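Let me begin by presenting the structure, written as structure tokens, before commenting on it.
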Amino acid sequence: MERLLKLYQQWKGAEPANIQQLQSAGSNRTYYRLTDYDGQTVIGVIGTSRDEDHAFIYLTDHFNSRKLPVPKVLAASDDQLRYLQTDLGSTSLFDAIRGGREAGGRYTLKEQELLKRTIRELPNIQIRGARGLDFSNCYPQAEFNVDSVLFDLNYFKYCFLKATELDFHELKLEADFRLFAKDLTNDSYANGDFFLYRDFQARNVMLDHDGNPCFIDYQGGRKGPYYYDLASFLWQASARYPHKLRRDLIYEYYNSLKNYIEVPPVRHFANRLSLFVLFRTLQVLGAYGFRGYYEQKKHFIESIPPAIHNLRELLDSTTQFHYPYLMDILRQLTELPQFQQIEATAKRADGYKTTDLNPYKAHPQDGPATFSKYDAQGPLVVRVYSFSYGKGIPEDESGNGGGYVFDCRSTHNPGRYEPYKKLTGLDEPVIRFLEDDGEILTFLDSVYKLADAHVRRYIQRGFTSLMFCFGCTGGQHRSVYSAQHLAEHIHEKFGIEVRICHREQNITQTLEARQI
């Protein structure tokens, strides 16, 4: 730290007025926000690898010469283990789309637009950023090749697959690995001088004051095919992007790519992308196995269930992969009892159960959420129902006699219009209809105020059960939207367990209490 402060003083001519250490997530670098007496800030970085820091500094200077949206390196020590860079603020794309992620993948229009802005900008750094770039400065290697692919596939084999104790034939698997690696590195369209970001994810995108994306943490980049970053971003395990949003973002990327290079035909592009989705999924499972189960890091443990879910979806798709033994092993992997249990919890709309996610042992007690009678010895649990008035108001199973019942029938009904009749308040077109109309938002503003006061008081008094019900004509659109949003509002604000029941759709869901 003393050397970093000395570097700052040499650059600024004075000591900083304030020093704040920042969270570094999975990075081995330490970050500080240094503020001068006029309130101007810079980011100070202390690294542990001279080669890695050199790669970042070189790439940053190069990208700035190409006028790309990245920070600037303001000063660096002689050994490059300490440097100062411009402060891009505190709002990452990951933070900005938190609501959609925590809502099980129901991203608002604003969140979707942020994702589209980001994905449209990706070809800029991949194509323009590669022009004139000396890849020999990249770390830990200059390009994506067969050796690097085999390294990652074996990482998956040793750190994840073997730990499951699934029996497999080493030589047969290795043969498919080699064929897979050859296919990944052999493409006439994507074998040019392109910059492969490698760790392109929402945490590594910062948003400026106008919501424009700026890129950080690209020091692991190298020469390689552009499909990799698209797969990395859109199939990030915890993102939970719905299929339609993924398709829209692929479309945005493909059209943006046209501005820079000749793009492959759509079918070729889709097939190649599928290969990289499979590769990236295996790669991250290897990382999650090592960082989670060997290093016992909770974030990586919690990322395993959605990654397994992504793998299962890929295997169930119409994509043809020509690696029969590998595909057979992966299917056996996803059919292991511990991963079947993960799938059961994954089907819940809120995402994935995280109380005990070790995939190397089964937990039959962790089944999907059910609404059994609540044991009154414990913290407050809120139940939220949607229902049709024609079928009666839901009964309170806690034995406390019920709670609030809200009538949504005064608001504009999407069910009157043909395009929405078969959809529910969980579907994007209905959500868009209700939010654009605005009546339901005004209605819920009043509900939130009442619910907040009641939940807060129940927590203070040590009560264990509270119930909210939303009814409409069919129990399909307005009531479902309102119940889901109140449940998520309470869970986000108070961190308590919230159980949701959309009665007419036979959908139950539990938002787990956050651990203190």
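The values are calculated or read from the model by the stated rules, or taken from the named source; none is laboratory data. In this text, all values refer to a predicted model and were calculated from it rather than measured experimentally. No Cβ is skipped: glycine too gets one built from the backbone with ideal geometry, and neighbour counts run over all protein chains shown. The area values use the complete protein model at the heavy-atom level, side chains included, leaving out ligands, DNA and RNA. Shrake-Rupley method; radii C 1.70, N 1.55, O 1.52, S 1.80 Å.
Taking a probe of 1.4 Å, how large is the accessible area per residue of the chain, in Å²?
Here the residues of the chain average 46 Å² of exposed surface.
Looking at the P(r) of the stretch 368-516, how many percent of alpha-carbon pairs lie beyond 20 Å? Write down the numbers at each step before the final one.
Details: 4985 of 11026 pairs.
Cα-Cα pairs of the stretch 368-516 separated by over 20 Å account for 45 percent.
So what's Rg/Rh here for the stretch 77-117, counting alpha carbon atoms and using the Kirkwood radius for Rh?
1.28
Before anything else, pin down the relative contact order of the stretch 1-134: Cα pairs under 8 Å, at least 6 apart, normalised by residue count, whole percent.
This gives 19 percent for the stretch 1-134.
Roughly how far apart, in whole Å, are the Cα centres of the stretch 61-127 and the stretch 137-172?
So the separation of the two Cα centres works out to 29 Å.
Can you show me the helix-derived [θ] at 222 nm for the chain, built from DSSP H runs with n ≥ 4 at -39,500 (n - 2.57) apiece and divided by the number of residues, rounded to the nearest 500.
-13500 deg cm²/dmol
Can you list the HN-Hα couplings for the stretch 383-397, worked out from phi with the Karplus curve (6.51, -1.76, 1.60; θ = phi - 60°), rounded to whole Hz and with x for Gly and Pro?
Those phi angles translate into 10, 10, 10, 10, 7, 9, 4, x, 10, x, 6, x, 7, 8, 6 Hz.
Return the distance in nm (one decimal) between the two label points of a simple spin-label model at R456 and T91, each offset 7 Å from Cα along Cα→Cβ.
Going from the R456 label point to the T91 one covers 2.6 nm.
Would you please give the residues with an amide H less than 5 Å from that of V70, counting only those at least 5 places away or on a separate chain, with H modeled from the backbone geometry?
Close amide H contacts, sequence-distant or interchain: F215.
Rounded to whole Hz and in sequence order, give me ³J(HN,Hα) for the stretch 89-103 from the Karplus expression 6.51 cos²θ - 1.76 cosθ + 1.60, θ = phi - 60°, writing x for Gly and Pro.
These are the phi-based 3J(HN,Hα) values: x, 10, 9, 8, 4, 4, 5, 5, 10, 4, x, x, 5, 6, 8 Hz.
Output the relative contact order of the stretch 172-293, whole-number percent, from Cα pairs under 8 angstrom with separation of 6+ residues. Don't skip to the answer; put the middle values down first.
On the way: 98 pairs, mean separation 30.3, N = 122.
Worked out over the stretch 172-293, it gives 25 percent.
Using a 4.7 Å cut-off between beta carbons, which cysteines in the chain end up with no partner cysteine at all?
Unpaired cysteines in the chain: C138, C159, C214, C469, C501.
Let me know the charge dipole size of the chain about its Cα centre in debye, to the nearest 20, where only the beta-carbon of Lys, Arg (+1) and Asp, Glu (-1) is charged. Please list the in-between numbers first.
Working: 62 positive and 65 negative charges, 110 e Å.
I would put it at about 540 debye.
When DSSP assigns beta bridges and you keep just the ones with both residues in the chain, what percent turn out antiparallel, to the nearest 5?
Percent antiparallel among DSSP bridges in the chain is about 60.
Largest first, what is the accessible-area ranking of W235, W11 with a 1.4 Å probe?
Most to least solvent-accessible, the answer reads W11, W235.
Taking each full run of DSSP H in the chain as one helix, which ones are at least 30 Å long along their axis (Cα atoms) and have mean Kyte-Doolittle hydropathy of at least -1.0?
Passing helices, by number: 266-288, 439-461.
Between E143 and residues 5 or more places away or on another chain, which pairs have amide H atoms under 5 Å apart, with H built 1.01 Å from N, and which residues are they?
Here K223 satisfy the definition.
So what does M206 come to for accessible area, using a 1.4 Å probe and Å² rounded to 10?
Only protein atoms counted, so the area is about 20 Å².
For the pairs K72/K116; K421/K493; K72/K223, flag any whose C-alpha to C-alpha distance is greater than 27 Å.
K421/K493
Return the carbon/sulfur percentage of the accessible area of the chain, one whole number, probe 1.4 Å, all protein chains in place. Provide the component values of the computation, followed by the final result.
Working: 11360 of 23930 Å².
The computed percentage sits at 47.
No solvent, one uniform scatterer per C-alpha: report log10 I(q)/I(0) for the chain via the Debye equation at q = 0.06, 0.12 1/Å, two decimals.
Per q value, in the given order, log10 I(q)/I(0) is -0.34, -1.23.
Taking the convex hull of the alpha carbon atoms in the stretch 199-289, what volume per residue do you get, in Å³?
It comes to 128 Å³ per residue, whole-number rounded.
Under unit Cβ charges (Lys, Arg +1; Asp, Glu -1), what dipole magnitude, rounded to 20 debye, does the stretch 1-140 have relative to its Cα centre?
580
Quick one: which residues, 5+ away or cross-chain, put their amide H under 5 Å from the amide H of V384? H built at 1.01 Å from N.
Amide H to amide H, under 5 Å and 5 or more residues apart or across chains, V384 pairs with F468, R499, I500, C501.
Using a cut-off of 14 Å between beta-carbons, work out the net charge of the residues near N204 (Lys and Arg +1, Asp and Glu -1, N204 not included).
Taking every Cβ under 14 Å from that of N204, the sum is -2.
Would you work out the relative contact order for the chain, in percent, from Cα pairs under 8 angstrom that are 6 or more residues apart?
Reported as a whole number, the value is 12 percent.
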